[in-house]
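For reference, the structure is listed below as structure tokens.
The values are calculated or read from the model by the stated rules, or taken from the named source; none is laboratory data. Everything numeric here is computed off the predicted structure, so don't read it as measured data. So basically every Cβ, Gly included, is an ideal-geometry build from the backbone, and we count neighbours across all protein chains shown.
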Amino acid sequence: MIEVENLSRKFGNLLAVENVTLHVDEGEVFGFLGPNGAGKTTTVRMLCCLIGKTSGQARIGDFSVDNESDCLKIRKIVGFLPENVGLYDSLSAYRNLDFYGRLYEVPVQKRQENIERLLRLLGIWERREDSVGTFSKGTKQKIAIARALIHEPQVLFLDEPTANLDPEAAKTVRDFILDLKKEKTTIVLNTHNLDEAERLCDRIAILKTRLVAVDSPKNLERSLYNRKTIVHLEGVSDAILAAVKNLSSVKNVRSSDNKLILDIDDPEKDNPKVVRAIVSAGGNIQYVTELRSTLEDVYLKLIREASAK
Amino acid sequence: MRLWKSWIVTQKDLSVFKKNKYVLYSLVAMPIIMGVVLPVIFIFALNAEIVTLSHAQSLAAANQIVSIATMYLVLIASILPSIIASYSFVGEKVEKSLEPLLATPTTDGELLLGKSLAAFVPCMAVTYIGAAISAPIIDYWSYTKLGVLLIPNLYWLLVMGVIAPLSCIMSVEANIIVSSKVNDIRAAQQLGGLVVLPLVFIVIFAATSAQLSILLALVVSVGLAVADAALFFLSKATFQREEILTKWK
């Protein structure tokens, strides 16, 4: 759905985005993680044809961001939620959505249906004639998301959708994004919130002007350390250690406080063999867990490394 | 250029203005002051003088009053855009609503035209309402006192049909350029007001040189058309989405 190749953008002498190459599949929720000034918003703005690129290529569907007439088509098939909601406070929720529906060339009947469906879905239908200025931040954010969806876009770009929201409003917005995910809408999400990225995204790109890493949250978490299995035992004996070391799938074994820490490439496949070997050697297993690094650990490590370069 | 797209933007802006009391008061007050109060004051002044003047002198004085009153109407078309356009452009900046607007499948030209029309249409409507109010007042007075209808005349038609719209366009374009440099509505209005000052001087000059009124009106029209063309290119260069997103701070 989205193909990006060596995309770069300079503002004067400042290199905001450097040689970013990635793709986003149809129906995927793809997250950009990065510190302030990492180039997330610039990348999204380039993909939405809001600003030009300095070099490289990018395509949304069949359209290239290079071409002015393609850009109009791209803007027609993408929905965009900017960091600031940018609604018209003096107009009603309905009027705000209707205005954008008209600009997106949604036929009258469809427009009315979509506005009603979205406002009902977000629980704002009863207040549709109220001025947007009277709504809370969270409700405004919901209306802004509805605005981005009014023309049923193929790709939805969300720039910090839960920034500055209280936990309850943030949850509502996240749940709504999860609903969209179920409907197979392609979503590109810019966020600082690691937990949100982990919960919502199929894949995450860590950006620090350059692309530092792209993978699923799980694979990123595993990339920091090799996969490790921890076996908690009543006691660790030499026989148990020997039995585990004999297994070809176990690369390394450490023992600490009645625990065995094992380096295993494929724990889903090999953990049962480990358990059987320990039990055969007379070990009493209390529980088996996986030693995991968090997305935060990975993010911080990668960003520090990228900053040091 | 799809005019219907521009018109959607214009309609939205007009809806926003309808909810803005400051804009509404300005739109109501200007034609009352320029279209009713000033002509009435002039008529009272002329009434006092007319008893000592011959018919020809009275007619000349009355024509001068018409010229002055007409040029004051141009002030509506010149000053109001600094109020309305500042809400149209800086208002979007303040509400941070330009980015989602720019993300729609609308060209820069369509947006610029839509927003310019949103400032132009009410200003010209109010100018013509002012003219529609002042003309019968002046004509009633001139017909009862001098036996002639002074309006419409060539000068009045030239000012209302050409100078007023050109002045309005100039003011709107100047305000687009001002909007790119300022962040709050008051600053935009003040700077916008400063930009139209030369126009005010022209009005004063024209008002005090009524004998040259038609020639002067033609010269002013040409000057305004040239200024409008120059400002158009400048405002178009200013109003580009990349410029707005990266440089309109």
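Checked against (1) at pLDDT 85 or above; (2) under 20 Å from residue B:227 (Cα atoms), residue B:140 passes all but a single condition, namely (2). Within the span defined as segment B:33-48, one or more residues are free of Cβ contacts under 8 Å to residues at least 24 places away in the same chain and under 17 Å from the mean Cα position of the chain (by Cα).
Considering segment A:102-113 alone, what residues qualify as being more than 9 Å from every other protein chain (Cβ to nearest Cβ) and either crowded, with 21+ Cβ neighbours inside 10 Å or acidic (Asp, Glu) (or both)?
Within segment A:102-113, just A:113 meets the criteria.
Among the residues of segment A:133-150, count how many are part of a helix (DSSP H, G or I), more than 10 Å from chain B (Cβ to nearest Cβ) and in contact (Cβ under 8 Å) with a residue 12 or more places away in the chain. Reasoning before the result, please.
Taking segment A:133-150 first, the residues part of a helix (DSSP H, G or I) are A:133-134, A:137-149.
With more than 10 Å from chain B (Cβ to nearest Cβ) added as a condition, the list becomes A:134, A:137-143, A:145-146, A:149.
Those still in the list that are in contact (Cβ under 8 Å) with a residue 12 or more places away in the chain too: A:137-143, A:145-146, A:149.
Counting residues in segment A:133-150 that are part of a helix (DSSP H, G or I), more than 10 Å from chain B (Cβ to nearest Cβ) and in contact (Cβ under 8 Å) with a residue 12 or more places away in the chain gives 10.
For the residues A:36, A:19, the requirement of being surrounded by fewer than 24 Cβ atoms within 10 Å (Cβ to Cβ), at pLDDT below 90 and under 26 Å from residue A:194 (Cα atoms) singles out A:36.
Show me the helices (runs of 4 or more DSSP H) entirely contained within segment B:154-196 in which 3 or more residues are in contact with a Phe, Trp or Tyr (Cβ under 8 Å, 6 or more places away or on another chain) and β-branched (Val, Ile, Thr).
Working: elements: B:154-158, B:164-179, B:185-195.
Once the helices (runs of 4 or more DSSP H) in segment B:154-196 are filtered for at least 3 residues that are in contact with a Phe, Trp or Tyr (Cβ under 8 Å, 6 or more places away or on another chain) and β-branched (Val, Ile, Thr), what remains is B:164-179.
Within 20 Å of residue B:119 (Cα to Cα), touching a Ser or Thr at 6+ places or on another chain (Cβ under 8 Å), of a type in the set (Gly, Ala, Ser) and assigned to a helix (DSSP H, G or I): does that describe residue B:67? No: the conditions fail for residue B:67.
Among the residues of segment B:1-50, the one identified as under 27 Å from residue B:94 (Cβ atoms), away from every other protein chain (no Cβ under 14 Å) and polar (S, T, N, Q) is B:26.
For the condition exposed (fewer than 15 other Cβ atoms within 10 Å of the Cβ) and at pLDDT below 90, residue A:226 qualifies.
The number of residues in segment A:163-179 being in a loop (DSSP other than H, G, I, E, B), within 15 Å of the chain's Cα centre (by Cα) and not hydrophobic (A, V, I, L, M, F, W, C) comes to 0.
Scan segment A:231-242 and tell me whether some residue there is more than 30 Å from residue A:60 (Cα to Cα) and touching a helix residue (DSSP H, G or I) at 6+ places or on another chain (Cβ under 6 Å). Yes: one or more hits. In segment B:86-107, is there at least one residue being in contact (Cβ under 8 Å) with a residue 40 or more places away in the chain, buried (at least 19 other Cβ atoms within 10 Å of the Cβ) and outside any helix (DSSP H, G or I)? Yes: segment B:86-107 contains one or more residues that are in contact (Cβ under 8 Å) with a residue 40 or more places away in the chain, buried (at least 19 other Cβ atoms within 10 Å of the Cβ) and outside any helix (DSSP H, G or I). In segment A:151-161, how many are under 19 Å from residue A:182 (Cα atoms) and more than 11 Å from chain B (Cβ to nearest Cβ)? Qualifying residue count, segment A:151-161: 6. Within segment A:242-264, at least one residue is under 26 Å from residue A:204 (Cβ atoms) and of a type outside the set (Ser, Thr, Tyr). I'd like to verify a number: residues in segment A:37-80 that are on the phi > 0 side of the Ramachandran plot and within 11 Å of another protein chain (Cβ to nearest Cβ), how many? Here the count works out to 1. If residue B:53 satisfies every condition in (1) part of a helix (DSSP H, G or I); (2) modelled with pLDDT of 80 or more but one, which is the exception? Condition not satisfied by residue B:53: (1). Looking only at residues in segment A:60-78 that are touching a residue at least 40 places away in the same chain (Cβ under 8 Å) and over 21 Å from residue B:109 (Cα atoms), the one that is surrounded by the most Cβ atoms within 10 Å (Cβ to Cβ) is A:60.
The number of residues in segment B:98-150 being among the aliphatic types (A, V, I, L, M), within 14 Å of chain A (Cβ to nearest Cβ) and under 16 Å from the mean Cα position of the chain (by Cα) comes to 1.
Yes or no: residue A:83 closer than 22 Å to residue B:2 by Cβ, within 14 Å of chain B (Cβ to nearest Cβ) and of a type in the set (Asp, Glu)?
Working: closer than 22 Å to residue B:2 by Cβ: no; within 14 Å of chain B (Cβ to nearest Cβ): yes; of a type in the set (Asp, Glu): yes.
It is false that residue A:83 is closer than 22 Å to residue B:2 by Cβ, within 14 Å of chain B (Cβ to nearest Cβ) and of a type in the set (Asp, Glu).
Scanning segment B:75-102 for residues that are in contact with a Phe, Trp or Tyr (Cβ under 7 Å, 6 or more places away or on another chain) and closer than 15 Å to residue B:8 by Cβ returns B:97, B:100.
Residues considered: A:105, A:126, A:113. Of these, the only one that is of a type in the set (D, E, K, R), more than 21 Å from residue A:164 (Cβ to Cβ) and not in a helix (DSSP H, G or I) is A:105.
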